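Chemist: This is the structure I have questions about; it appears just below.
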Amino acid sequence: MVWGNLNVLKKINLLVNSGEKLAIVGPSGTGKSTILKILAGLILPTNGLLKIFGEEQNYLRLDQNNPPDVRLVFQNPALLGSLTIEENVGFILNRNKKIPKKYIKDLVNECLEEVGLFNVAQKLPNELSGGMQKRVSFARALISEPKEKKENKPLLLFDEPTAGLDPIASSRIEDLINKTNDKVKGSSIVVSHVLSTIERTSTKVLMLYGGKFRWEGSVHDFKNSNDPYVYQFRKGKLEGPMQPKEI
């Protein structure tokens, strides 16, 4: 993946199996969020092949009539300030004029209740706290169209879901990530710098640096590995193979 003269991702190979919970870690600016944007259909790779659920992806998500079921939870809740919470959560369904309004309303309330929010459907985003807005973004990730087959298992993408949160708030969001995964029975990729988030929401870890995957292994191996990239990241050390000039 090339941005101008900068080669952000260099011939990486990424395979996510059904039901897998993957964490992609590494210093800031190494291309982790770029991977999520490619998978979400927001940008296309400049080279190489991208397949989602076995289908080659040649167009941006907005240019597809039937895009794959990939749901991205942004670091920022990314709610539309002029729409109510109900309209934000049900946004993708409201575009389909064939779906009854009552069905959408009931489904939205069900998803809000799943993330512990009650009586907020008619509120605007600025009437909710930052933590509540974050939970609304998770409710939005639970929404699916009725036409989707039951065997469809979506790919969930979480971009720095606990960045800037205190430890207690982080634990709540981590529990919510696991609950969302269990609810939709899909696969997930979490991009995070927070060790508790990596360890509590994933089963496999990939270390990204310099546009390449430098290490992969289980969460257990990640917590105990002496690999120089993993050790430096885990301990937050300045000395090691990852240096600012190469980022």
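Chemist: Is the range 99-111 home to any residue that is assigned to a loop (DSSP other than H, G, I, E, B) and surrounded by fewer than 16 Cβ atoms within 10 Å (Cβ to Cβ)?
Modeler: yes
Chemist: I want to confirm something. Restricting to the range 196-234 and keeping residues that are acidic (Asp, Glu) and outside any helix (DSSP H, G or I), which single residue is nearest to Leu14 (Cα to Cα)?
Modeler: Looking at residues that are acidic (Asp, Glu) and outside any helix (DSSP H, G or I), I get Glu216.
Chemist: Given (1) in contact (Cβ under 8 Å) with a residue 24 or more places away in the chain; (2) surrounded by fewer than 17 Cβ atoms within 10 Å (Cβ to Cβ), identify the lone condition not met by Asn76.
Modeler: (1)
Chemist: Looking at (1) farther than 28 Å from Arg200 by Cβ; (2) part of a loop (DSSP other than H, G, I, E, B); (3) assigned by TED's automatic domain parsing to the domain that holds Leu112, find the lone condition where Ile92 falls short.
Modeler: Of everything listed in (1) farther than 28 Å from Arg200 by Cβ; (2) part of a loop (DSSP other than H, G, I, E, B); (3) assigned by TED's automatic domain parsing to the domain that holds Leu112, Ile92 misses just condition (2).
Chemist: Same structure again: With the condition kept exactly as written, say whether any residue in the range 222-241 is under 14 Å from Leu22 (Cα atoms) and modelled with pLDDT of 95 or more.
Modeler: yes
Chemist: What is the number of the single condition among (1) under 30 Å from Val8 (Cα atoms); (2) crowded, with 21+ Cβ neighbours inside 10 Å; (3) in contact with a strand residue (DSSP E or B) (Cβ under 8 Å, 6 or more places away or on another chain) that His193 does not meet?
Modeler: Failing condition for His193: (2).
Chemist: Which of the residues belonging to the range 44-57 are aliphatic (A, V, I, L, M) and exposed (fewer than 14 other Cβ atoms within 10 Å of the Cβ)?
Modeler: Listed by number, the list holds a single entry, Leu49.
Chemist: Now for a separate question. Could you say whether any residue in the range 195-212 is aromatic (Phe, Trp, Tyr) and modelled with pLDDT under 90?
Modeler: No, the range 195-212 has no match at all.
Chemist: Also, I was wondering about something else. When residues of the range 160-181 are filtered for being surrounded by fewer than 20 Cβ atoms within 10 Å (Cβ to Cβ), within 27 Å of Gly240 (Cα to Cα) and under 15 Å from the mean Cα position of the chain (by Cα), how many remain?
Modeler: Counting residues in the range 160-181 that are surrounded by fewer than 20 Cβ atoms within 10 Å (Cβ to Cβ), within 27 Å of Gly240 (Cα to Cα) and under 15 Å from the mean Cα position of the chain (by Cα) gives 1.
Chemist: Among Val136, Val184, which is the only one that is of a type outside the set (S, T, N, Q), surrounded by 15 or more Cβ atoms within 10 Å (Cβ to Cβ), modelled with pLDDT under 90 and closer than 29 Å to Val120 by Cα?
Modeler: Working: Val136 fails: modelled with pLDDT under 90.
On inspection, the qualifying residue turns out to be Val184.
Chemist: Just to check your reading of the model, which residue among Thr84, Thr30 is free of Cβ contacts under 8 Å to residues at least 60 places away in the same chain, surrounded by 13 or more Cβ atoms within 10 Å (Cβ to Cβ) and among the hydroxyl-bearing types (Ser, Thr, Tyr)?
Modeler: Matching residue, one of Thr84, Thr30: Thr84.
Listed here are the residues, each with its yes/no results for (1) more than 20 Å from Leu39 (Cα to Cα); (2) among the charged types (D, E, K, R); (3) modelled with pLDDT under 90.
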{"residue": "Lys102", "(1), (2), (3)": "yes, yes, no"}
{"residue": "Pro125", "(1), (2), (3)": "yes, no, no"}
{"residue": "Glu160", "(1), (2), (3)": "no, yes, no"}
{"residue": "Pro167", "(1), (2), (3)": "yes, no, yes"}
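Chemist: Working only within the range 196-243, note down all residues that are surrounded by fewer than 19 Cβ atoms within 10 Å (Cβ to Cβ), in contact (Cβ under 8 Å) with a residue 60 or more places away in the chain and among the hydroxyl-bearing types (Ser, Thr, Tyr).
Modeler: Within the range 196-243, just Thr203 meets the criteria.
The values are calculated or read from the model by the stated rules, or taken from the named source; none is laboratory data. For clarity, every value in this text was computed on a predicted model and none was experimentally measured. Positions of Cβ are backbone-derived with ideal geometry, glycine not excepted, and every protein chain shown enters the neighbour counts.
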